[in-house]
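Student: Once you've had a glance at the structure underneath, I'll fire off some questions.
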Amino acid sequence: MIAHPILMAIGMADLFGLGLILSAGWIAGDILLHWNSDGRDRRQIALEARSERGGAEARWGAGLFAFSTLLLVIAVTRILPELIPGAMCGTGVFQAMQGAGFRAFALRFITLLLLFLWHLLDRLNRTSRRGPLTETSARGLLIALPGAVLGIFDTFKAVSLLDLERPVDCCAALYDRFGNGNSLPFWENIPDAFWMGGFMVTGILLIAAGVWSFLRPGRKSAALLAIFSLIWPFAAAGALVQVLSAYHYQVLSHSCPWCLFLPEHWRVGFFLFGALLGGMAAGPAALLSIIVGQRYPAIREPARIMSRRASAWAVLLSILFIIGASFPALLWRLRHGVWIGG
Amino acid sequence: MKKSRFRQILCSSLCTVVISAFFFIFGGGITAAGSGPQPGKMGLDEAGRMQVSDGDRCPVCAMNVIKHPKFASAIQLKDGRTFYFCGTGCMIRSWLHPEVFLGAEKDQLQKPVVKAYFTGKEMDAREAIWVAGSDVIGPMGPALVPLKDEAELETFRERHGAKATFRLSEMDDEKWQAITGKKAVKEK
Amino acid sequence: MSGGIFCRDLELVRRGSSGQERTIFTDVNADFPAGNITLITGPAGSGKSSLLYILAGLIRPTRGEVLDGEEAVSRWLTPHRDLWRKGVGIVFQHFQLFAELTAEKNVMIPLLPKKWPYRRIRNRANEALERLSAGHLSQMPVHFLSGGERQRVAVARALAADPAILLADEPTAHQDPEGMKIVMDVFAEARDRARVVVIAAHDPRIAGIADRYYRFIDGRLLHDRGPESQG
Amino acid sequence: MFYWALRDILRRPVRHLLMIFALAGLMIAAAAPLLFTGALSAGAEALLSDAPSIVIRRADPVGWQPIPIEPGIKAAESIVGVIRVRARRWGVIDGPKNPLVVIGDKGLSDNHASSLPDAFSSDLPSNSDFQSADFRDFSERFPLTPETAPLTHETVSLSWVRAGQLLNLPLGTATDLGIDVYYPQEVEAVCRELSDAFPWPVQMLTHQEILSLFKRRASMMGSAALFSLIPALIGMILMVMAVLQQQAANVRETGLLKALGWTARDILRLSFLRMLLVIVPAILLGAAGIAAVFYGPAPFRSLGAPLGLFFGWHGALSALPFDAQVAGSAFAAAGTFILLPYIGASLWSAVRASAAEPGAFIEGGGAG
């Protein structure tokens, strides 16, 4: 356990955020049990007032959760490596966290995605006077709730595993792959060309689907966009870490995602992985808006606009990612006339 | 108006993507110069000492070597290029697999330089006695420690312990895995 | 423009700090069509002001709903009700003016969010004051004004944004006959321009002007036939 | 809307002016400990960057003893891992006004004649053992970096022999030995073996210990300065409470605005503008104040004299060496700690108003 201000800030933000989300979840449960938009009895009128309060609480809670997640990324990539002996970047920190760190991150990002989609529903809901999506968004919030609880729990566990006395072996896991064929994880065996091919193909498909969904918002185009924007980040992250990172680091092989966050590499990781996550959220957002827009005529128009905006974001962020990720490679190519591997 | 501008942006971005894809697919003319990581700005000096400049990157882990001066080490190639490393581990890995990390063949390797543990004096890594599995921590975890002679080894063993010792010439992948704990083997 | 506001099964229960409940009124069904002045009477504490608050969307009823035309505005989400409220002008029983501001500034307040040029807002405010024959008070801080003058400033403020719905709580309580006439003329004019006008009062002098009458009796709002029936 | 916000501020000019000054003053007070501890730690690190890894002194039960150079060096060099041993002569003597730190310098000849630095030109004590020719400005020979300014004071270097005479060191002895070790990790083991290698009892102080002593002192001063933050904190709490109270009075106003057709967003915008009108001048004033008190010319710096109560100096402080990162982070931290509560308090009621029923704010719901 390390008592660092940023970890305390994360803990505080997490606790307050969780409190707000839980309180909103309680109200959401009530809404699912008792909501009756046709009735005008006491319970329904009171529930309408509470649903607005719950929505505000959940928004603040989600905001705090997103904030603490950002702080966590900063802590893991920038602050903790300086404290943990032998750690140079996030890899070492994750080693010290022994699996709980990875789980916490995965859960947090899934939860953030769900909370983002909830937030979208909530916003669409509030564009209409009577809030036709109140029940749906309550359901959405309840789906995101366990992720928030578990993610925060795993964060606490991961942080409590940090130890200033126990050294870690930061990059060993990354570069002892060579001459050690039997213990390679499967993705290390995929040739670079496949990564790049997958990256380019899914990227172009994603952009095409995004443009289509922007020009003609509809279920089909949005579904395609959603599918690609869920596949693409994996291909893109793979291509970035396995192939393109070499140009960011200017070394032949250093497939470490965390060093990208270091100031030595212009903290480009925040931008690249941020764009990736944003793009990942935008596709499902476009699909979700279209679906609820078609189901509830009261919000059809704002949902359409929202869907187009999400499609545009998906396209924009993926283009930004592609440019940001491959720029050093192109620069190298222009400067030297060859790729770094010769 | 606004819409058409967005389309313009979209089109130009698409063009960028297509062009970059073109580069990637058809751009593979291969020559040796310019491939591989950048060597250090300055090579070893006449006495064989390292001259690390700011911005010299460790070709294995991409760290700025000048920030980790105590464990800095180097490999000189026959073509005159010298690579600087942030730690001894990175140097040994490159010595074993120059094709992976340096973009050079094994017969290109000329001289590995390390700083002897107790004195910090530069020496040929092939002459050093190496120690693994002590309590000494380098910039990236448990360090591989180069010692000058048997007397130093004795002192070192007393002070820090040593699970294994080796010479650089004996080093190969199998031994590496044994020493770094990838496979359990008994110490000789 | 509103076709009128309509109450359906309204109930208001207040809960005291110690948890006891008090039903202010229940089962209120009433229509306030546009182009009519509707008068609500009843003894003090019978719920007239509370009903006006509910009509203005300032508090939620505990049951039932308020319709604006077809739409149940009382159940709209807050931001939408906020926007709807821009079409409501309200005269509070105790005026609720900003005492340290001048009359003009007070009347300007509802117009400020409109993003008009400052001068236009000022002119509009002064027009509203003129209509209540209070133009000469425009630069006076409100705390210098008499009760009657304050009340006229409050009416001017309610009218300044030309609301579709005008709610007034005892708007003539502090007026002499002359002031009374000025205020009532303004309401009559609003009626003639097809606005919804609802007045809560027990000032018998008002009775003559209204088109429709309601009376609170024991927590119920009953249709009233007007001044003749009151005797 | 902007005019209205400005009017709102000008409605109570004294109060808002006071608020601006209070915010700026609190920022300066909060920045002070951060700046000082930052400057002290940076100074210690700069000062000690070339210091030996281990300093060894001879200590009998009676107390400190001069250490014989020849056998000392021999003993130290026998330890594996020691790469350099330096004998040092230095000590504190009574100076003209204050105690002086005297350092023996082998590079200076015995009758080295150099002009006396200004600081020592007057008031040489008549009973003094040494002559003006002995003095040489230390910084002339060992250029000190500006970061060390908060830590160094009257220091002079003398020739090796003269220093020995002044400090009563017998021939062939030194004050202490400075020992260099290549890896910091070796220090502990070397220390253990050193104490066995010397024929006399010795005391050792490692570089790390000295540094942490300095840092501990800096952080102690910092925490002492935190006491200066107590009034600041109380001030801040009072201020936040005042703002909240004002906002509570504004709650009626907020509800009323809503009743008059303002949306939550309109109200938020007004509160925000109002807050900016206080905060922007406060930030500017605070920044100007910090710059003037810590880095500016002397008359401004004397404004910081009251802070000396907590740090233990007298009169105006010397200008701190400007380090953009330390200054920037101190300013940011002070700004955050002072301004965030203010911002939070100012916007709180507006945020609350967006969720609540405005009727509840006006005359308790207006029953009647």
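The values are calculated or read from the model by the stated rules, or taken from the named source; none is laboratory data. Computed from a predicted model, the values in this text were never measured in an experiment. With ideal geometry, Cβ positions are generated from the backbone for all residues, glycine too; neighbour counts draw on all protein chains shown. Ligands, DNA and RNA are excluded from the accessible area calculation, which covers all protein heavy atoms including side chains. Shrake-Rupley method; radii C 1.70, N 1.55, O 1.52, S 1.80 Å.
Student: Please compute the per residue accessible area over chain C with all protein chains in place, 1.4 Å probe, rounded to a whole number of Å². Could you put the intermediate results ahead of the total?
Tutor: Details: 9060 Å² over 231 residues.
Heavy-atom SASA per residue in chain C reads 39 Å².
Student: For the range C:33-47 and the range A:1-65, compute the distance between their C-alpha centroids and round to whole Å.
Tutor: Result: 40 Å between the Cα centres.
Student: Cα centroids of the range C:81-128 and the range A:257-320: how far apart, whole angstrom?
Tutor: That distance is 42 Å.
Student: If you count, for every residue in C:81-88, the Cβ atoms of partner chains within 10 Å of its Cβ, what is the mean?
Tutor: What the average comes to for C:81-88 is 5.
Student: How would D:Met275, C:Met140 line up by accessible area, probe 1.4 Å, largest first?
Tutor: Details: D:Met275 10, C:Met140 75 Å².
Putting D:Met275, C:Met140 in descending order of accessible area: C:Met140, D:Met275.
Student: Right, next: Pop a pseudo-label 7 angstrom from the Cα along the beta-carbon direction at both D:Gln246 and C:Lys115 and give the gap in nm to one decimal.
Tutor: In this crude label model, D:Gln246 to C:Lys115 measures out at 2.8 nm.
Student: So what's the angle, to the nearest 10 degrees on a 0 to 90 scale, between helix A:42-74 and the longest Cα principal axis of chain A?
Tutor: Tilt relative to chain A: about 10 degrees.
Student: Pull up all non-local amide H partners of C:Phe216: gap of 5 or more, or a different chain, and H-to-H distance under 5 Å with H placed in the peptide plane.
Tutor: Excluding prolines and chain starts, which carry no amide H, the hits are C:Thr41, C:Gly42, C:Leu222.
Student: Beyond 27 Å between alpha-carbons counts as too far, so tell me which of A:Lys157/B:Lys175; B:Lys67/D:Lys74; B:Lys70/B:Lys175; B:Lys67/D:Lys106; B:Lys115/D:Lys106; B:Lys148/D:Lys74 fall in that bin.
Tutor: A:Lys157/B:Lys175; B:Lys67/D:Lys74; B:Lys67/D:Lys106; B:Lys115/D:Lys106
Student: OK, next. Using amide H atoms built 1.01 Å from N in the peptide plane, name the residues 5+ places from C:Phe32, or on other chains, whose amide H lies under 5 Å from its own.
Tutor: For C:Phe32, whose amide H was placed from the backbone, the distant partners under 5 Å are C:Ile5, C:Phe6, C:Cys7.
Student: Run through the range C:32-139 and list the trypsin sites (Lys or Arg not before Pro) located in a DSSP loop whose Cβ has at most 15 other Cβ atoms within 10 Å. Display every interim value, and only then the final one.
Tutor: Numbers: sites: C:Lys48, C:Arg63, C:Arg75, C:Arg81, C:Arg85, C:Lys86, C:Lys105, C:Lys114, C:Lys115, C:Arg119, C:Arg120, C:Arg122, C:Arg124, C:Arg131; in loops: C:Lys115.
When the trypsin sites (Lys or Arg not before Pro) of the range C:32-139 are filtered for loop state and at most 15 Cβ neighbours within 10 Å, C:Lys115 remain.
Student: Return the long-range amide H neighbours of B:Lys121 (sequence gap of 5 or more, or a different chain), with a cut-off of under 5 Å between placed amide H atoms.
Tutor: Long-range HN contacts for B:Lys121: B:Ala116.
Student: Follow-up. How big is the B/A interface in buried accessible area, both sides summed, 1.4 Å probe, to the nearest 100 Å²?
Tutor: Details: alone 11800 and 17250 Å², together 24830 Å².
Adding both sides of the contact gives about 4200 Å².
Student: Can you tell me the Rg and Dmax of chain A, counting just the alpha carbons, in angstroms?
Tutor: According to the Cα coordinates of chain A, Rg and Dmax are 22.2, 76 Å.
Student: Can you list the residues in the range D:1-17 whose accessible area drops by at least 20 Å² when all protein chains are present, compared with the chain alone? Use a 1.4 Å probe, heavy atoms only.
Tutor: In the range D:1-17, residues shielded by partner chains: D:Met1, D:Tyr3, D:Trp4, D:Arg7, D:Arg11.
Student: Would you please report the Å³ per residue occupied by the convex hull of the alpha carbon atoms in the range C:50-149?
Tutor: 126 Å³
Student: A follow-up question, please. Tell me, Kirkwood radius of the range B:39-180 from alpha-carbon pair distances, in Å? Could you put the intermediate results ahead of the total?
Tutor: Details: mean 1/r = 0.0667 Å⁻¹.
For the range B:39-180, the Kirkwood estimate is 15.0 Å.
Student: Sum -39500 (n - 2.57) across every DSSP H segment of at least 4 residues in chain C, then divide by the residue count to get the 222 nm mean residue ellipticity, nearest 500. Show your work: numbers first, answer last.
Tutor: Values: 7 runs with 69 residues, N = 231.
Taking each H run of at least 4 residues, the total per residue is -8500 deg cm²/dmol.
Student: With each run of n ≥ 4 DSSP H residues scored as -39500 (n - 2.57), what mean residue ellipticity at 222 nm is computed for chain A after dividing by its residue count and rounding to the nearest 500 deg cm²/dmol?
Tutor: -25500 deg cm²/dmol, from helical runs alone.
Student: Calculate how large, on average over all directions, the projected area of the Cα convex hull of the range A:4-54 is; give the answer in nm² to one decimal. Don't skip to the end; give the middle numbers.
Tutor: Working: hull surface 14.5 nm².
If I average the Cα hull's projected area over directions, I get 3.6 nm².
Student: Another one. With every protein chain left in place, what is the accessible area of B:Met140 in Å² (1.4 Å probe, nearest 10)?
Tutor: 20 Å²
Student: Please list 3J(HN,Hα) in residue order for the range B:138-151, calculated via the Karplus relation 6.51 cos²θ - 1.76 cosθ + 1.60 where θ = phi - 60°; whole Hz, with x for glycine and proline.
Tutor: Here the 3J(HN,Hα) series is x, x, 10, x, x, 9, 9, 10, x, 10, 7, 8, 4, 5 Hz.
Student: What are the ³J(HN,Hα) couplings of the range C:120-134, residue after residue, when phi is run through the Karplus curve with 6.51, -1.76, 1.60 and θ = phi - 60°? Round to Hz, x for glycine and proline.
Tutor: Running phi through 6.51 cos²θ - 1.76 cosθ + 1.60 with θ = phi - 60° gives 5, 4, 5, 4, 4, 4, 5, 4, 4, 5, 4, 4, 9, 6, 10 Hz.
Student: What ³J(HN,Hα) values, in whole Hz, does the Karplus curve 6.51 cos²θ - 1.76 cosθ + 1.60 give for the range B:56-62 when θ = phi - 60°, with x put for Gly and Pro?
Tutor: Those phi angles translate into 5, 9, 5, x, 9, 10, 6 Hz.
Student: Working from Cα positions, state the angle (0 to 90°, nearest 10) between the long axis of helix A:268-295 and the longest principal axis of chain A.
Tutor: With both axes taken from Cα atoms, the answer is about 30 degrees.
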